[in-house]
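Undergrad: Take this structure first; my questions come after.
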Amino acid sequence: MPKSEETFIQRQLKKIAIEKKEIEQIESIEKEICNEVKSWSSLKLIFLNYVADIYSKIMGSDKSIFKDKHYFIDLFSGSGIGKVIDSQDDIILGSPLMVATQNKNKFTKMFFCDINTDYINALKSRLNFLNFSDDNFNVFPECCNKAIDKIIPMVKGGHSLIFIDPYGMEITWKSMEKLLSLDADIIMNFQTVEIPRAKQNEGIPPTMENFFKDKNEVKKIYETYIGRDIRESLLEMYKKDMVDAKLKHFSGAIIGSVRIKKDDRFYYDLIFLTKQTSKGNPWLKPIIDAGDELEKLNANIVQEVLSILKGRQKTLLSWLKIF
């Protein structure tokens with residue numbers, strides 16, 4: 001299919017659904033150690049890749065004061081590859097290998113963390129296989145809340161792109177405050193549908209207390225709202241708390257979110273926060289546009305595009321060409 005006829009999602013998925021031969025080579029390193037993911041997980045990776053590309057070009061330019069000190073931090077990095085279990089076990093690049101390969105030698109250093117030691121060891125081996133030396137990255141086989149205290153001194157004084165994709169609510173608010181004190185852009189996966197389910201009949205569980213800034217505000221939301229309104233209120237409260245924490249260290253902050261959908265019932269939100277600049281952050285427009293495109297998509301569309309890229313299907317449904 002000519003490039004001009006490709007959809008937005010086809011162009012972006014090509015970057016993470018790499019060729020079979022390349023996948024087999026990477027997968028052969030620490031064979032069978034991979035994250036199991038759903039097809040719609042690809043959408044958050046597309047957004048991250050889109051942001052990382054723009055970020056590395058700006059921060060790595062000769063005009064940037066951060067040219068030699070800009071970093072990528074992935075606090076839930078996993079193994080580096082994902083098996084798409086609802087799309088014939090297609091293999092895609094995970095966040096660390098995607099950003100590393102798409103932005104080779106553009107970041108001063110990359111930092112990867114995961115509490116699963118099998119995952120983090122496999123990731124290290126795969127990065128070495130792809131010719132990344134140990135000088136290019138650090139790995140931390142531990143909880144993100146411990147790793148953060150080790151990473152912060154290494155990036156302070158520079159600028160960072162931080163990706164936070166927790167399995168649940170593992171990152172504490174205290175850790176988030178530390179990250180918000182850095183000169184950094186943050187992309188965070190907020191599990192909008194899943195988080196409210198953690199509430200117990202007898203009260204707020206400890207994981208939820210540690211995840212949010214103020215457990216009393218969380219309780220107030222549960223007492224005031226029901227159903228979908230609880231989800232939306234928790235999301236907006238968390239975004240507000242992030243901005244307030246950022247403003248303790250910087251004069252301005254811009255925050256937004258992109259809704260990633262399996263369908264109308266199951267979704268999460270990617271929160272994107274950046275420091276406000278004197279020039280008005282003109283580079284944000286293409287990121288906002290990309291977010292708008294991603295919000296039109298869902299798991300079914302991703303599965304169809306993966307089938308095309310893997311040669312199981314020839315064309316998209318005609319109505320999909322609006323994207």
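Throughout, read-outs are computed from the coordinates displayed, never taken from laboratory work. Fair warning: this is a prediction, and the values are worked out from it, not measured in the lab. All Cβ positions, glycine included, derive from the backbone under ideal geometry; neighbour counts span all protein chains shown.
Undergrad: How big is the convex hull of the Cα atoms of the range 24-169, per residue, in Å³? Don't skip to the answer; put the middle values down first.
TA: Details: hull volume 14.8 nm³, N = 146.
Considering the Cα atoms of the range 24-169, their hull volume per residue is 101 Å³.
Undergrad: Karplus couplings for the range 157-170 from phi (6.51 cos²θ - 1.76 cosθ + 1.60, θ = phi - 60°), rounded to Hz, Gly and Pro as x?
TA: Karplus-based 3J(HN,Hα) across the range 157-170 equals x, x, 10, 10, 9, 10, 10, 10, 10, x, 6, x, 10, 5 Hz.
Undergrad: Something else: Using only the alpha-carbon atoms of the range 131-251 as identical scatterers, what base-10 log of I(q)/I(0) does the Debye formula give at q = 0.11, 0.18 Å⁻¹?
TA: The Cα Debye sum returns log10 ratios of -0.43, -1.00.
Undergrad: What order, most packed first, do the peptides 37-48, 235-246 have when packing is the mean number of other Cβ atoms within 10 Å of each residue?
TA: In descending order of packing, they fall as 37-48, 235-246.
Undergrad: I've got another one for you. Output ³J(HN,Hα) for the range 248-265: one whole-Hz value per residue in order, computed from phi by the Karplus curve 6.51 cos²θ - 1.76 cosθ + 1.60 with θ = phi - 60°, and x for Gly and Pro.
TA: 6, 10, 9, 7, x, 8, 10, 9, x, 8, 10, 8, 9, 10, 6, 7, 6, 9
Undergrad: Shifting gears a bit: Taking amide H atoms as placed 1.01 Å from N in the peptide plane, list the residues 5 or more away in sequence, or in a different chain, whose amide H sits under 5 Å from that of residue 172.
TA: none
Undergrad: While we're here: Near residue 69, which aspartates and glutamates are there with a Cα under 16 Å away, not counting those fewer than 8 places off in the same chain?
TA: Within the straight-line cut-off, residue 69 pairs with 135, 183, 185.
Undergrad: Semi-axes of the equivalent ellipsoid for the chain, please: Cα gyration tensor eigenvalues, times 5, square-rooted, ordered largest first, whole Å.
TA: 29, 25, 21
Undergrad: Quick one: go through the range 182-208 and flag any residue whose amide nitrogen is under 20 Å from the point 7 Å out along the Cα-to-Cβ line of residue 36.
TA: What the label zone holds, given the 20 Å backbone N cut-off, is 194.
Undergrad: Follow-up. At a Förster distance of 22 Å, what's the computed FRET efficiency of residue 225 paired with residue 295, Cβ-Cβ distance as r, to 0.05?
TA: So the FRET efficiency works out to roughly 0.40.
Undergrad: List the DSSP H helices in the chain whose Cα atoms stretch 24 Å or more along the helix axis and whose mean Kyte-Doolittle hydropathy is at least 0.5.
TA: In the chain, the long hydrophobic H runs are 41-59.
Undergrad: Same structure again: Among the listed pairs 178/240; 262/296; 67/104; 199/246, which are separated by more than 18 Å between their Cα atoms?
TA: 199/246
Undergrad: Arrange the following residues from fewest to most other Cβ atoms within 10 Å of their Cβ: 305, 193, 139.
TA: On the way: 305 27, 193 15, 139 22.
So the residues, fewest neighbours to most, are 193, 139, 305.
Undergrad: Still on this structure, please answer the following. Less than 18 Å from a label point 7 Å out along the Cα-to-Cβ axis of residue 259: which backbone N atoms in the range 272-291 qualify, by residue?
TA: 272, 288-291
Undergrad: List the residues, sorted by chain then number, that are 5 or more residues from residue 257 or on another chain and whose placed amide H is less than 5 Å from its amide H.
TA: When sequence neighbours closer than 5 places are left aside, the close amide H contacts are 272.
Undergrad: Let me ask something else. Of the DSSP beta bridges with both residues in the chain, give the percent that are antiparallel, rounding to the nearest 5. Could the numbers behind the result be given before it?
TA: Numbers: 19 of 40 bridges.
Here the share of antiparallel DSSP bridges comes out near 50 percent.
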